[in-house]
Amino acid sequence: MLASPYEPVQPIHGQMTPERIAYLGPAGTFTEQALLTQTDLAGLEHVSLPTIQEVLEATDAGAVDVGFAAIENSIEGAVNATLDALAFELDLLIQREVIHPVEMCLLARNDTAIEQIERVVSFPHAAAQCHHYLAKTFGQVEIVAANSTADAARELSENGNGATAVIGTELAATTYGLQLLARHIEDHPENHTRFVAVAREGIPAPTGHDKTSIVTFQRADRPGSLVNILQEFSARSINLTHLQSRPTKRELGDYCFFIELEGHVADERVADCLKNVQAKQALVRFLGSYPAAGEQAETTRGEANEAWGDAERWIDEIRARIR
């Protein structure tokens, strides 16, 4: 009997059960909110670090077992600090993705009225996602960058004044004793951020609804090189869900390409495609195959398992007729 390649979404795994997970802190960030939606990750020892770079470096060095970081926002696009660390600096594998809705809140000290606000402090990505609200509400208010939304909230709680507000989470307001001046201040209500959990080793088993992430480095800057790479995927009917160029940091005009595709490296056509790209077109850096997230993820995985079961019964019936 053929064994099904599809399994339930597996917890983070490696040579041993993970115990510690690092995330962009301090407590109360959007990263922590997303992390807490994952039952197995929420049960680990949490280590908050001040930058995404430090989160990923701590994971690569083995100081923690798992790193959890934002990689893409539906409004602002890629989080380049995460992409660059995975592509150029560290040897980590993506274990899963988590898509989390972003609700931006305007926070201030309890003795502050919104008319008093003269400056707003926040993580730059968060402030950019509230551009229209800030312009409409405050006009030419001063925008000050912080390492994270929660760091801005913590600093305001400890040393701030009534002329300052921060953009952050409702969790941060509760954590640092701040008041909610306004909720849902993001410019687009469909705003979501995608996070990834990374580890030093281990590729999750295929589930039937997976993604694979790679970076391709062109061997030569010649006409049609990107088209040739993409044709390898097209020829095998592999759908690309993300394509982005990034400078390689070597010289002007030298770019690599981040590619995300549907499927798992355990799938024959995905493996064949990556093998051909590596052999014929470009150097490939493998970033991981992992369960795809999204509202329909569990349904899609269930349908894949059911379809595989039907196919298994079908082939068994045919084989039973062999004399």
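The values are calculated or read from the model by the stated rules, or taken from the named source; none is laboratory data. A quick note: this is a predicted structure, and the numbers were derived from the prediction, not measured. Cβ placement follows ideal geometry from the backbone for every residue including glycine, while neighbour counts extend to all protein chains displayed.
Restricting attention to segment 49-67 and to residues that are in contact with a Gly (Cβ under 6 Å, 6 or more places away or on another chain) and over 17 Å from Leu36 (Cα atoms), the residue that is surrounded by the fewest Cβ atoms within 10 Å (Cβ to Cβ) turns out to be Leu56.
When Glu89, Glu76, Glu97 are checked against the criterion of being more than 19 Å from Glu262 (Cα to Cα), modelled with pLDDT of 90 or more and either of a type outside the set (Lys, Arg) or not assigned by TED's automatic domain parsing to the domain that holds Gly160 (or both), Glu89 stands alone in meeting it.
State which residue is surrounded by the most Cβ atoms within 10 Å (Cβ to Cβ) when the search covers only segment 85-124 and only residues that are in a strand (DSSP E or B) and of a type in the set (Lys, Arg).
Here the answer is Arg96.
Residues that are on the phi > 0 side of the Ramachandran plot and touching a Leu at 6+ places or on another chain (Cβ under 7 Å) within segment 197-215 comprise just one, Gly202.
The single condition among (1) under 26 Å from Thr37 (Cα atoms); (2) of a type in the set (Lys, Arg); (3) over 29 Å from the mean Cα position of the chain (by Cα) that Arg119 does not meet is (1).
Pairing each residue of segment 178-205 that is in contact (Cβ under 8 Å) with a residue 60 or more places away in the chain and in a strand (DSSP E or B) with any residue that is of a type outside the set (Val, Ile, Thr) and surrounded by fewer than 18 Cβ atoms within 10 Å (Cβ to Cβ), provided the two are 6+ apart or on different chains, yields C-beta distances under 6 Å for Gln179/Asn110; His192/Ser74; His192/Pro101; Ala199/Gly14. For first residues located in segment 26-38 and more than 13 Å from Ser148 (Cβ to Cβ), partners that are assigned to a loop (DSSP other than H, G, I, E, B) and modelled with pLDDT of 90 or more and lie 6+ apart or on another chain with Cβ distances below 7 Å do not occur. Can you say whether Leu274 is without any contact (Cβ under 8 Å) to a residue 24 or more places away in the chain, of a type in the set (A, V, I, L, M, F, W, C) and over 30 Å from Leu44 (Cα atoms), as far as the supplied structure shows? For Leu274, the condition - without any contact (Cβ under 8 Å) to a residue 24 or more places away in the chain, of a type in the set (A, V, I, L, M, F, W, C) and over 30 Å from Leu44 (Cα atoms) - is not met. Looking across segment 75-112, the residues that are hydrophobic (A, V, I, L, M, F, W, C) and without any contact (Cβ under 8 Å) to a residue 60 or more places away in the chain come down to Val79, Ala81, Ala85, Leu90.
Taking segment 43-67 as the range and being assigned to a helix (DSSP H, G or I), β-branched (Val, Ile, Thr) and closer than 18 Å to Asp151 by Cα as the test, the residues that pass are Ile52, Val55.
Keeping to segment 68-84, report how many residues are assigned to a loop (DSSP other than H, G, I, E, B) and either polar (S, T, N, Q) or surrounded by 17 or more Cβ atoms within 10 Å (Cβ to Cβ) (or both). Qualifying residue count, segment 68-84: 3. Has segment 22-40 got any residue that is aliphatic (A, V, I, L, M), in a helix (DSSP H, G or I) and over 16 Å from the mean Cα position of the chain (by Cα)? Within segment 22-40, not a single residue is aliphatic (A, V, I, L, M), in a helix (DSSP H, G or I) and over 16 Å from the mean Cα position of the chain (by Cα). So in segment 286-323, with the set limited to residues that are buried (at least 17 other Cβ atoms within 10 Å of the Cβ) and either at pLDDT 75 or above or of a type in the set (Phe, Trp, Tyr) (or both), which one is nearest to Val265 (Cα to Cα)? Selected residue: Ser289.
Against the definition (of a type in the set (D, E, K, R) and within 14 Å of Thr193 (Cβ to Cβ)), how does Glu57 come out, yes or no? Considered against the rule, which asks whether it is of a type in the set (D, E, K, R) and within 14 Å of Thr193 (Cβ to Cβ), Glu57 comes out as no.
Kindly indicate whether any position in segment 208-225 is in a loop (DSSP other than H, G, I, E, B), among the basic types (Lys, Arg), farther than 22 Å from Gln53 by Cβ and without any contact (Cβ under 8 Å) to a residue 12 or more places away in the chain. Yes, segment 208-225 contains at least one residue that is in a loop (DSSP other than H, G, I, E, B), among the basic types (Lys, Arg), farther than 22 Å from Gln53 by Cβ and without any contact (Cβ under 8 Å) to a residue 12 or more places away in the chain.
This table checks each residue for (1) touching a residue at least 12 places away in the same chain (Cβ under 8 Å); (2) assigned to a helix (DSSP H, G or I).
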| position | (1), (2) |
| --- | --- |
| Ala126 | yes, yes |
| Ala135 | no, yes |
| Asn147 | yes, no |
| Glu155 | yes, yes |
| Asn161 | yes, no |
| Val166 | yes, no |
| Ala173 | yes, yes |
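Kindly evaluate Val166 against the criterion of being hydrophobic (A, V, I, L, M, F, W, C), crowded, with 22+ Cβ neighbours inside 10 Å and touching an Asp or Glu at 6+ places or on another chain (Cβ under 6 Å). Against the criterion (hydrophobic (A, V, I, L, M, F, W, C), crowded, with 22+ Cβ neighbours inside 10 Å and touching an Asp or Glu at 6+ places or on another chain (Cβ under 6 Å)), Val166 does not qualify.
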